[in-house]
Each structure stands twice: as structure tokens, then as C-alpha cells.
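Peer 1: Supplied in C-alpha cells, the structure appears directly below.
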Amino acid sequence: MASSNETGSNAVQALFQGEMDMEGMEEVLELYRALSTLNAKALKPGKKFHAPGGDEAEMRLKEGFILLQPAEIIPSEKALLNRAVEILEVLKLHSDHEDEKEEASNLLKGKGLFRKMVENYLVDGEDRLRERGVIPQFLNSEVALFTVFNVLKGTFKDISRVFGNVDTSDWEHGFCPVCGGGPAVATLEGEGGKRHLICHRCETKWRFGRIMCPFCGNSDHEKLGFFTLEDGDGRLRVDFCNSCRGYIKTWETGEDDNGHPEVEDLKTPGYDLAAEGEGYRRGAPNIFGVWVGFDLDDGSKPDDDPPDPERVPRSS
């Protein structure tokens, strides 16, 4: 088995290869590549971070609680602000929208504002951050959330590696056993197509029931389905749920396949466009926190709210 560092290096290499499946979106892929390079320099988690192991980790998972207490990982305020500046510079470099560039510059003006947004995101998640009105009206909410997510991205990935030896085989939930994030993509692996999900936030992979929606828990096979695209990737399909109208892109892989579907997800927006055209919506963003179909420049979202994720237990 490859080490976590080798796995991360291979994923970055995969991101720098290939093209988008839709024309005119190369700049988006360049943005993801720049972020990947930047996030490889992860911020250190705060001093309160505690990594449960052994019996403690096993007990938490058995009782349905995730391994990580997200609020414990918050880096120092100085580190947060410095990384936010770097993220915003990357965003402005790859943006064609002048309004977006100006709004990005406003993000760090309020004293303590950015740290407050980070804290609220870690404790309550993206949806609650929107509801609480922590993001001021003078800011583009999607730019703010994009920045918060990517400031923390490398930290979440590093912490996932800390729990690399913890047995999560009995975890049966549609959210990540490590950090509670929703699945960006799924895989069907080996003989019989055992299903795995990959977290959009820390990129942990875990087993999950094949005939079940990870977003609403629906297991009625008559309300579940999938489609493929003619002349598309023969390994890729879109699994959808007619109960919550959520969808997830799924790659069929072999047992020894060293591919990175979480990276290939970034290059296949054509499948997202097809799913949205049929009235389905992603249940979780991609690994850079982007809800495909959302516009960072105007903060727009689909007409309906995305499917409600299963509530994540955070403490015992």
C-alpha cells in the first residue's frame, strides 16, 4: 500500500494531467491546480487538537460519533489570515470578474470577522453559517465560504492521515467517519462492486451500502437509479436519488486501481451539467468546496436548497 504522502503526490500529479470534459473551462482547472499546490502546505491545527486512538476511537465510531472534534483544529489567527490572503490572491488571479476581485479584498477588513466565520463553519457547518448571518451583506457569501474552506483544506487532509490506521469498516453513515464531511464522489471497487465514498473535506474513504442514498438514507431501490453519458468515460456514472433529488458521481475501479476519482471529479463538469439538467443536485461540494453549478461571482445557488445532509453527531 502506498504511503499517505505518496498517495497525495499521485493525486496532485493526476490533477496536473488531462483536460476538462467541457470546452472553455481550462481556467477553472488552473484554479484547482494552484489551490492544490498551496494547500499542500497545511496549517497546523490548534493546541486543543486531540486525536483519539485505540479503544477511544473504536468506541466513538461504534456509537456513531466522528473521530474529530472540528472546533479543536482551528489554527492560530495569524496563520488563518496569512493563508486567506494567499487563497484570495489565487482566486483573483484566476477570476475574470472585477466585482469578485473587489469583494475578495473586503473579506479580511473586519477585525476578527474571518476567524469568526472559520469558527462558525467548523462548529455548525456551511448551511448554519449562512443562516446565522455571520457573513456580512457587503461580502460575496460564496467567495467567503470558498476562502474559509480552502484555508482549512490542507489541515483536514493532514488530520485524515493521522487516523489512517483506525478501522472504519463498521461505519455505516453517509458522512465521513473522520471529519463529518459529505461525500464528493463514490467508487465501486473490485469484484461485486463494493461501494466506497470519499469525503469532500478531508478525502477519507469509507465503505457504504450500495443500495442507499448517502444524503437522505433512502434505500428504496425503486427511487434510486443511475445514468451514463454516451461517448463519456466508460468507468463513470451518475447515481441519483428520486427521494431527495441528490446525485453523486461514481467511478467503477479495479481492486488495484490507483486512480483518484476525487480529482477526476474536477475534470468532468459535463456530468454535473447533465444531472442538473435532469433536476438533480449534488449532495456535497467537490474537494475544493465548490458546489458545481454555483457561481462564485454572484453567489447564486440552485432554485431549491440542496438535499439536507444527515445530521452529524459531533460529541459523545
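Peer 1: What tally of residues in the stretch 134-167 results from selecting those that are assigned to a helix (DSSP H, G or I) and either out of contact with any strand residue (DSSP E or B) (no Cβ under 9 Å at 6 or more places or on another chain) or surrounded by 24 or more Cβ atoms within 10 Å (Cβ to Cβ) (or both)?
Peer 2: Residues that pass the stated criteria total 20.
Peer 1: Six or more apart or on different chains, Cβ atoms under 6 Å: show the pairs whose first residue is in the stretch 250-263 and of a type outside the set (A, V, I, L, M) and whose second is exposed (fewer than 15 other Cβ atoms within 10 Å of the Cβ) and at pLDDT below 90.
Peer 2: Note: pairs meeting the criteria are GLU255/GLY190.
Peer 1: Go through the residues of the stretch 168-178 one by one and say whether even a single one is part of a strand (DSSP E or B) and modelled with pLDDT of 95 or more.
Peer 2: Of the residues in the stretch 168-178, the ones part of a strand (DSSP E or B) are none.
No, every residue in the stretch 168-178 fails to be part of a strand (DSSP E or B) and modelled with pLDDT of 95 or more.
Peer 1: Looking only at the stretch 205-226, which residues are open to solvent by less than 40 Å² (accessible area, probe 1.4 Å), aromatic (Phe, Trp, Tyr) and not in a loop (DSSP other than H, G, I, E, B)?
Peer 2: The one that is open to solvent by less than 40 Å² (accessible area, probe 1.4 Å), aromatic (Phe, Trp, Tyr) and not in a loop (DSSP other than H, G, I, E, B): TRP206.
Peer 1: Sticking with this one: In the stretch 56-71, how many residues are in a helix (DSSP H, G or I) and either open to solvent by 50 Å² or more (accessible area, probe 1.4 Å) or among the hydroxyl-bearing types (Ser, Thr, Tyr) (or both)?
Peer 2: Total satisfying the criteria: 5.
Peer 1: Next up: How many residues does the stretch 122-133 hold that are without any contact (Cβ under 8 Å) to a residue 40 or more places away in the chain and open to solvent by less than 10 Å² (accessible area, probe 1.4 Å)?
Peer 2: Counting residues in the stretch 122-133 that are without any contact (Cβ under 8 Å) to a residue 40 or more places away in the chain and open to solvent by less than 10 Å² (accessible area, probe 1.4 Å) gives 1.
Peer 1: So, CYS202, is that one assigned to a loop (DSSP other than H, G, I, E, B) and touching a Pro at 6+ places or on another chain (Cβ under 9 Å) or not?
Peer 2: Judged against the criteria, CYS202 is not a match.
Peer 1: From the set of residues in the stretch 234-249 that are within 14 Å of ALA274 (Cα to Cα) and touching a residue at least 60 places away in the same chain (Cβ under 8 Å), which is most open to solvent (accessible area, probe 1.4 Å)?
Peer 2: ARG245
Peer 1: Further question: Report whether or not ARG195 is buried (at least 18 other Cβ atoms within 10 Å of the Cβ) and touching a strand residue (DSSP E or B) at 6+ places or on another chain (Cβ under 7 Å). Break it down into steps so the answer makes sense when it comes.
Peer 2: Details: buried (at least 18 other Cβ atoms within 10 Å of the Cβ): yes; touching a strand residue (DSSP E or B) at 6+ places or on another chain (Cβ under 7 Å): yes.
Taking the combined requirement at face value, the residue satisfies it.
Peer 1: Let me ask something else about it. Among ALA34, ALA2, ALA40, which is surrounded by fewer than 16 Cβ atoms within 10 Å (Cβ to Cβ) and at pLDDT 85 or above? Step through it out loud before you land on a result.
Peer 2: Working: ALA34 fails: surrounded by fewer than 16 Cβ atoms within 10 Å (Cβ to Cβ); ALA2 fails: at pLDDT 85 or above.
Just a single option satisfies the conditions, and that option is ALA40.
The values are calculated or read from the model by the stated rules, or taken from the named source; none is laboratory data. The model shown is predicted, which means the values in this text are computed figures rather than measured ones. Here Cβ is always computed from backbone atoms with ideal geometry, including for glycine, and neighbour counts include all displayed protein chains. Accessible surface is based on the protein model in full, side chains and every heavy atom, while ligands, DNA and RNA are left aside. Shrake-Rupley method; radii C 1.70, N 1.55, O 1.52, S 1.80 Å.
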